[in-house]
Every structure is written in C-alpha cells, then in structure tokens.
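I have placed the structure first, in the form of structure tokens, so that the comments after it can refer back to it.
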Amino acid sequence: MGNPKGVKRDFEALERRRLQAAKLFEQGLSQAEVARKTNVSRESTRRWYRDWQNQGKAGLKQAGRAGRKPRLQAAQLEKLRRGLKQGAEVLGYGTGLWTSWRVADLIERQTGQKFHPGHVWRILRSLGWSCQRPTGRAIQRNEPAIRRWKKVRWPEIKKKPASSAEP
C-alpha cells in the first residue's frame, strides 16, 4: 500500500481531517455520515471514533513521524558531509572517487554505524549527492592529438558495413 513513488504524505492535512471528523462526531453525526463527509473508509472513521471517545481530540493528533527512526543523527550526517567533501584520498584510497564501499567505510569510521554498501545511496541522496562520474580530466590530455585521432585514425579502424553481394 502507501503512496505513489515521489508522493509524500501530508501529515498536517491528515490531522486536519481527523479533527474535522471530531467536530462532526461532536455534532452527533453517525460514523457512516462522517466517513462520507471526510471521504475516508468506514474502518478509519470507526477507529477515529473510538480514539475520540477514549482520549478526546488529543487522540486524533499527529502520532509523529512515520517509519523507522534514522540511525544517523543530524550532527553525524553533517560530519559525514564534511568527510565526503575532503575526498576519498584522506582515508588512504588511491583516487578521489567515492564508491558505495568507500562511503560505507567512511560512515563506519566516523559513526561506528555499519551500513551495507548497497544502502548508502539513500544517505548520499539525503545529503544532496548523486551518482555521477568525476568531472575532472587528465592533466596530460592532448586535445589536438585527440581531434586528429578522431578525424584520421578512427575512420580507418571503424567497422564498415559489409558490401552487398553482387548479382
């Protein structure tokens, strides 16, 4: 179940709808009528009614965030962001390329929390990082030689379509 991909739940709107139901309960409307007016299932209305009777409007307030609590705190994420900006070479790796294994290693070194390399992309995405190739180019790059190779050598070695058989 849940929401379509990319659609986040609006917890304030959900709470407003529950509190609207509480006002309708106070007016003496039946659960079925409240379900129709708030455009929810009867099961939800029944649950809300029970909570409203037992705890009042406080029982219909937001329950807080949905899902599991994050394993990394905001301070740890900020420390991770700084570590990522310093580069992978600081950890002793030969290149500045951050792989998922390297990021998992950085997280474990900084926080003591162990993450599977296949899952660190979620943390990177929450920090505003994305998967991409490094933008840097080799210092030794010879642009005129590359252009010449593309114009002269590449056409010589490129596969050509087989000539059609003669009749």
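The values are calculated or read from the model by the stated rules, or taken from the named source; none is laboratory data. From a predicted model like this one, the values you see are computed outputs, not experimental measurements. Every residue, glycine among them, receives a Cβ derived from its backbone with ideal geometry; neighbour counts consider all protein chains shown.
How many residues does the range 82-128 hold that are among the hydrophobic types (A, V, I, L, M, F, W, C) and part of a loop (DSSP other than H, G, I, E, B)?
Within the range 82-128, the subset among the hydrophobic types (A, V, I, L, M, F, W, C) is 84, 88, 90-91, 97-98, 101, 103-104, 106-107, 115, 120-121, 123-124, 127.
Restricting the remaining residues to those that are part of a loop (DSSP other than H, G, I, E, B) gives 97-98, 115, 127.
Result for the range 82-128: 4.
Residue 84 versus (1) of a type in the set (A, V, I, L, M, F, W, C); (2) closer than 30 Å to residue 122 by Cβ; (3) at pLDDT below 90: which is the lone unmet condition?
(3)
Across the range 33-44, which residue is farthest from the chain's Cα centre (by Cα) among those that are surrounded by 11 or more Cβ atoms within 10 Å (Cβ to Cβ) and more than 10 Å from residue 18 (Cβ to Cβ)?
Going residue by residue through the range 33-44, those that are surrounded by 11 or more Cβ atoms within 10 Å (Cβ to Cβ) are 33-38, 40, 42, 44.
Now restrict to residues that are more than 10 Å from residue 18 (Cβ to Cβ): 33-37, 42.
Working: 33: 39, 34: 36, 35: 34, 36: 35, 37: 35, 42: 33 Å.
Only one residue tops the list, namely 33.
Any idea which residue in the range 69-81 is nearest to the chain's Cα centre (by Cα), counting only those that are among the charged types (D, E, K, R), over 27 Å from residue 137 (Cβ atoms) and in a helix (DSSP H, G or I)? Don't jump to the end; show me each part of the working.
As a first pass, look at the range 69-81 and keep what is among the charged types (D, E, K, R): 69, 71, 78-79, 81.
Adding the requirement that they be over 27 Å from residue 137 (Cβ atoms) leaves 69, 71, 78-79.
When the remaining residues are screened for being in a helix (DSSP H, G or I), the result is 78-79.
On the way: 78: 17, 79: 19 Å.
It comes out as 78.
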